[in-house]
1. So, in region 142-155, of the ones that are in a helix (DSSP H, G or I) and in contact with a Gly (Cβ under 9 Å, 6 or more places away or on another chain), which residue ends up modelled with the lowest pLDDT?
2. Being assigned to a loop (DSSP other than H, G, I, E, B), over 19 Å from F391 (Cβ atoms) and either in contact (Cβ under 8 Å) with a residue 12 or more places away in the chain or in contact with a His (Cβ under 9 Å, 6 or more places away or on another chain) (or both) is true for just one of P327, P323. Which residue is that?
3. Give, as residue ranges, the helices (runs of 4 or more DSSP H) completely inside region 236-317 that count at least 3 residues that are under 17 Å from L330 (Cβ atoms), touching a helix residue (DSSP H, G or I) at 6+ places or on another chain (Cβ under 7 Å) and at pLDDT below 95.
4. S405 versus (1) at pLDDT below 90; (2) of a type in the set (G, A, S); (3) in contact with a Pro (Cβ under 9 Å, 6 or more places away or on another chain): which is the lone unmet condition?
5. Could you check region 125-142 and list, in sequence order, the residues that are hydrophobic (A, V, I, L, M, F, W, C) and either within 14 Å of the chain's Cα centre (by Cα) or closer than 15 Å to T78 by Cβ (or both)?
6. Is it true that some residue in region 359-368 is touching a Gly at 6+ places or on another chain (Cβ under 7 Å) and in a helix (DSSP H, G or I)?
7. Within region 339-352, identify whether any single residue is in contact (Cβ under 8 Å) with a residue 60 or more places away in the chain, within 16 Å of S171 (Cβ to Cβ) and of a type outside the set (D, E, K, R), and answer yes or no.
8. Is one or more of the residues making up region 340-356 in a helix (DSSP H, G or I) and surrounded by fewer than 19 Cβ atoms within 10 Å (Cβ to Cβ)?
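The values are calculated or read from the model by the stated rules, or taken from the named source; none is laboratory data. Everything quoted here is computed from the prediction, not taken from an experiment. Here Cβ is always computed from backbone atoms with ideal geometry, including for glycine, and neighbour counts include all displayed protein chains.
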Amino acid sequence: MQVKTIHGGAGMKKSAYIGWAIGSFTSAALVSAVGLLHLRFMTDSLGLAIALAGMLTVAAKIYDAMTDPLMGYIGDRTRTRFGQFRPYLLGGGLLAGLSMILLFNVPGGLQGDNMWLYVGFTLLLYSTAYTMFRIPYLAIGRAITDDFHARSRLMTFSVYGSSLGSFAATSAAPFLLARLGSDRAGHGHVALVLGIAIALGGIAAFLLLKERHPVEAEKKPTGSFAATWAALWSNKPFLCLMGFKLVLFSGLAVHITAIPYYTRHVLHVTDTALGTIFAVQTAMMVISQMLWVRMASRFGRRNALVSAGSLCAVAYTVWALIPAGSPFPLIYIACALSGTASGGVFLGLYTVLTDTMDYSRRIQGENRAGMLAGVFVMVEKGTSAFGIFLFSTIMSWTGFVSSTSAGAEEQPASVKTGIMVTVSLVPALAAVIASIIMLRYRLPETAEDAVEPPASTLQPVGVQSN
């Protein structure tokens, strides 16, 4: 006799998928807009030296990364009538919207020390808000469903939401800047629109996402922060995943930071072209989802993620072949390859992360989803800090000229060479190394082997004869 069971994730409400996509939209819109536009805004509109602008951004990123595990630790121990992680979605989303508006609406009377102090404060506010929203959002993914395959579908909605958020920040925003002007006022108006959308996204995620069972049903983690941190090192699959992300995202951060400078100072095109570049990438991220889901199902999640990382290396290499005088249509081919590869990377990362959360629960006996999510995002922010630091350092070495007139000054040839290296060769090398690291990842691929759901989530639905 065989008892057939189903997991608690079966029969998920549509609102969970929608809420998960909206949460992904919220965080993607925030981090993409700041990551793409803020450094250039500081150097080309506020007139800050690129070394100072880079230092302020990196300092905020380091602070941001250091607070991620702490936020996860706090989230794992939170118990409220609204749920374990949901309250942070509301508070973090509202604060994120406010920080977005303040970042790009710098008071006109600020000069000198007052200018960079304001910029530094708003960057810290943004970093706090992003941590407060992003860590609980990732951690709540495991609490939505236990089902191994339902989780894969849920993560595709994460990529859809992330793609829409990235489109709003990296395509719609540059299109608006091209119409309103890429000066301080134009950036301020665009930030107001994005800030309102981000705040509404936080409210919607709070209302739509429900944790699977009351928080009292799960054992509250014990132990100090240091002990919990030390316990993470026994989760070998998670460490391998973080190694892959650390290297790949370091290259990606350099690439993303360089693109706005590449379009303005190498190609000499307007922000309309910048928006088009990311529109193509975003479209391919969405279109490619079914391809990556099929690849993961047929060849395994690890192999699909390795393939996506390898395709990143090919895509970044193509960027080096684009002629500055006539970049079209080759640049669109590079964008399409980058978008397809990114679709596989983000789907694979989110799906494998939740697998490692369950793996941790099985071998260590406690739910440390918040802490794992904290480290996951800490790596993301640490690599972002490294990317900005490396790019701004190279630009400073090569003689970049800052401006207060939307980057009207012509840059020397050495700067253009530095931009080409950072937009193509550095990220391509990182993608190759990351793919090699991911080959060491080992975790059972089947639902039965990978996840042993707790007894409370199993329901007998029938008895079958052998």
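1. The first filter runs over region 142-155 and keeps only residues in a helix (DSSP H, G or I), leaving 142-144, 148-155.
Applying the additional criterion that residues be in contact with a Gly (Cβ under 9 Å, 6 or more places away or on another chain) yields 143-144, 148-151, 154-155.
On the way: A143: 70, I144: 74, F148: 61, H149: 65, A150: 69, R151: 67, L154: 78, M155: 76.
For region 142-155, the residue satisfying everything is F148.
2. On the way: P323 fails: either in contact (Cβ under 8 Å) with a residue 12 or more places away in the chain or in contact with a His (Cβ under 9 Å, 6 or more places away or on another chain) (or both).
Of P327, P323, the one residue that is assigned to a loop (DSSP other than H, G, I, E, B), over 19 Å from F391 (Cβ atoms) and either in contact (Cβ under 8 Å) with a residue 12 or more places away in the chain or in contact with a His (Cβ under 9 Å, 6 or more places away or on another chain) (or both) is P327.
3. Numbers: elements: 236-261, 271-287, 289-299.
Of the helices (runs of 4 or more DSSP H) lying wholly inside region 236-317, those with at least 3 residues that are under 17 Å from L330 (Cβ atoms), touching a helix residue (DSSP H, G or I) at 6+ places or on another chain (Cβ under 7 Å) and at pLDDT below 95 span 271-287.
4. Here S405 meets the rest and fails (3).
5. M132, F133, I135, L138, A139, I140
6. Restricting attention to region 359-368, the residues satisfying the condition of being touching a Gly at 6+ places or on another chain (Cβ under 7 Å) are none.
No, region 359-368 has no match at all.
7. Within region 339-352 (the criterion being in contact (Cβ under 8 Å) with a residue 60 or more places away in the chain, within 16 Å of S171 (Cβ to Cβ) and of a type outside the set (D, E, K, R)), the answer is yes, since at least one residue qualifies.
8. Step one: of region 340-356, the residues in a helix (DSSP H, G or I) are 340-356.
Cutting the leftovers down to surrounded by fewer than 19 Cβ atoms within 10 Å (Cβ to Cβ) gives us none.
No.
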